[in-house]
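We did not get these values from a lab; they are worked out from the coordinates using the rules stated. This one's a predicted model, so the numbers in the text were calculated from it and none came from an experiment. Please note: Cβ atoms are built from the backbone with ideal geometry, for glycine as well, and neighbour counts cover all protein chains shown.
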Amino acid sequence: MPEYRAHFDFDIRFANGGGLAGTGFRLDLPGADTGEDEIARLLIAHLGLALVDEVELRGLRIVEEPHRGSRGVDAASPSTGPTRVVDLSHPIRAGLVTYPGLPAPTITPHLTREDSRARYAPGTEFAMDVIHMIGNTGTYLDSPFHRYADGSDLAGLDLSSLVGLRAEVFHLEDAWDASRRGIRSSTLADRDVRGAAVLLHTGWDRWFGEPQYGVGAPFLTGEAAQWLIDAGAALVGIDSVNIDDTESGGERPAHSLLLGAGVHVVEHLTNLGSLPPRGARFTAAPPAVEGFGTFPVRAFAEVPA
């Protein structure tokens, strides 16, 4: 179903004096036929303003464009009806470089189909293969044990905290540049994220598997990580090389804070652009491996059909 947004400049004057101006503003709309007065009301709701006397919109254009989660616009609620599944995981293959500097997986046969024919009834054959890989391969989840020796390992995670989480998707691919790569709390603060999977769509997954993937990547700042903890987020995922700044000299504030608070971290997501800002359910469950902190997941979202 097409979604629409308004592009405009604005001037707002308050009944008790003063004003507010904006240029190049973009706002989600409930439909293509939304009138200027309704857009003005939606703008006031999105900004959380009071005592507004007058709103003037200039250069108004309505374009077909995916929603970004503007406040005041009805969002799709988790559906009990038909859903479609959106795969958010990178496939794993032999030789895949996920994180620059870490080993790529190897896949070798333990039992070939040809050799298995001697072990089974005529016409029956199997392949059994061995994969050798580091846990940080493909799209993977970090448990607290990844960062802390006394933290919960993969086997200790509560499945209810990994399956069917309400997803709050922040579409940020146009909201940052190379000079300001860190995602700050001010970018996230207009959403209720309590109990939610917070998914950060930066668009950096377009470089996955290429040398560019590890250089100049977007990340979550430490103060934003603390804000998400205080706001009650259950999980934080990103489609970048790391949730932290890998070019900071070894500091890992987002990992340290989130995993220390029991907030799961999923890195190297992909296809987040296919999700609505709200209304999806997110799942990313690793196998229950004891004494292990990080492992690939088949991350996916269920979206109302």
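Where both partners of a DSSP beta bridge lie in the chain, what percent of those bridges are antiparallel, to the nearest 5?
The antiparallel fraction comes to roughly 75 percent.
Once amide H atoms are built 1.01 Å from N in the peptide plane, which residues 5 or more positions from V236, or in another chain, come under 5 Å H to H?
Here the answer is V198, H264, V265, V266, since their amide H atoms fall under 5 Å of that of V236.
Order these peptides, 81-91, 285-295, by their mean beta-carbon neighbour count within 10 angstrom, highest first.
Put in order of decreasing packing, that is 285-295, 81-91.
Stretched out fully, how many nm does the piece from F14 to D37 gain, at 0.36 nm a residue minus the Cα gap?
Stretched fully, the F14-D37 segment lengthens by 6.6 nm.
Can you pull the semi-axes for region 252-305, root of five times each eigenvalue of the Cα gyration tensor, sorted largest first, whole Å?
The three semi-axes for region 252-305 are 24, 15, 10 Å.
Just to be sure I understand the model, the point goes 7 Å from the Cα along the line to the Cβ. What's the resulting H7 to D174 distance in nm?
So the label points at H7 and D174 sit 0.7 nm apart.
Assuming R0 = 45 Å, what is the FRET efficiency of S256 and A121, from their Cβ-Cβ distance, to the nearest 0.05?
For R0 = 45 Å, the calculated efficiency reads 0.20.
Where both residues lie in region 97-211, what percent of DSSP beta bridges are antiparallel, nearest 5?
55 percent
Read through the labelled values [x] 16.2; [y] 23.1; [z] 20.4 and report the label of the one computed as mean projected area of the Cα convex hull in nm² from the structure.
Computed from these coordinates, mean projected area of the Cα convex hull in nm² corresponds to label [z].
So for each of 191-201, 124-134, 35-45 I average, over its residues, the number of other beta carbons within 10 Å; can you give me the resulting order with the highest mean first?
Averaged packing, sorted descending, gives the order 191-201, 35-45, 124-134.
Using 1/(1 + (r/R0)^6) with R0 = 30 angstrom and r between the beta carbons of E223 and Y148, what's the FRET efficiency to the nearest 0.05?
0.90
Taking the Cα centre of region 164-292 as the origin, how large is its charge dipole in debye, to the nearest 20, when only Lys and Arg (+1) and Asp and Glu (-1) carry charge on their Cβ atoms?
With Lys and Arg at +1 and Asp and Glu at -1, about 380 debye.
Please report the spacing between the Cα centers of region 112-181 and region 290-305 in Å, no decimals.
Centre-to-centre (Cα) distance: 6 Å.
Is any residue of region 233-261 close enough, with backbone N under 19 Å, to a label point placed 7 angstrom from the Cα of D158 along the Cα-Cβ axis, and if so, which?
233-237, 258-261
Rounded to the nearest 500, what is the 222 nm mean residue ellipticity of the chain from helices alone, with -39500 (n - 2.57) per DSSP H run of 4+ residues and division by all residues?
Rounded to the nearest 500, the figure is -3500 deg cm²/dmol.
Suppose every Lys and Arg Cβ carries +1 and every Asp and Glu Cβ carries -1, with no other charges. What dipole size does the chain come out with about its Cα centre, to the nearest 20 debye?
Here the chain has a charge dipole of around 520 debye.
Which distance in nm do the two modelled labels at A288 and E54 give, with both placed 7 Å along the Cα-to-Cβ direction?
So the two model labels end up 6.6 nm from each other.
Using the crude model of +1 on Lys and Arg Cβ and -1 on Asp and Glu Cβ, and no other charge, please compute the dipole size for region 51-148 relative to its Cα centre, in debye to 20.
Using Cβ point charges on Lys, Arg, Asp and Glu, region 51-148 gives about 360 debye.
Can you give me the long-range amide H partners of G164? Hydrogens built in the peptide plane at 1.01 Å from N, cutoff under 5 Å, separation of 5 or more residues or another chain.
Excluding prolines and chain starts, which carry no amide H, the hits are F282, T283, A284.
Along the Cα→Cβ direction, 7 angstrom out, place labels at I44 and R184. What is the inter-label distance in nm?
Result: 2.9 nm between the two label points.
Through the Karplus equation 6.51 cos²θ - 1.76 cosθ + 1.60, θ set to phi - 60°, convert the phi angles of region 140-156 into ³J(HN,Hα) values in whole Hz; use x for Gly and Pro.
9, 10, 9, 8, x, 4, 4, 9, 10, 4, 9, x, 5, 7, 4, 6, x
Please give the length that would be gained between E64 and D87 if that part of the chain were fully extended, namely 0.36 nm times their separation in residues minus their C-alpha to C-alpha distance (nm, one decimal).
Using 0.36 nm per residue and subtracting the Cα-Cα distance, I get 5.8 nm.
For I107 and W207, calculate 0.36 nm times their separation in residues minus their Cα-Cα distance, and state this gained length in nm to one decimal.
Gain in length upon complete extension: 33.6 nm.
Taking every pair of distinct Cα atoms and averaging 1/r, then inverting, what Kirkwood hydrodynamic radius in Å comes out for region 148-288?
15.2 Å
Once amide H atoms are placed 1.01 Å from N in the peptide plane, what residues at a sequence separation of 5 or more from L141, or on another chain, have their amide H within under 5 Å of its amide H?
When sequence neighbours closer than 5 places are left aside, the close amide H contacts are F295, V297.
What ³J(HN,Hα) values, in whole Hz, does the Karplus curve 6.51 cos²θ - 1.76 cosθ + 1.60 give for region 290-305 when θ = phi - 60°, with x put for Gly and Pro?
Using θ = phi - 60°, the values come out as 6, x, 9, x, 9, 7, x, 10, 9, 6, 8, 10, 9, 10, x, 6 Hz.
For region 128-134, in order, what is each residue's ³J(HN,Hα) by Karplus, 6.51 cos²θ - 1.76 cosθ + 1.60 with θ = phi - 60°, in whole Hz (x at glycine and Pro)?
10, 10, 10, 10, 10, 7, 6
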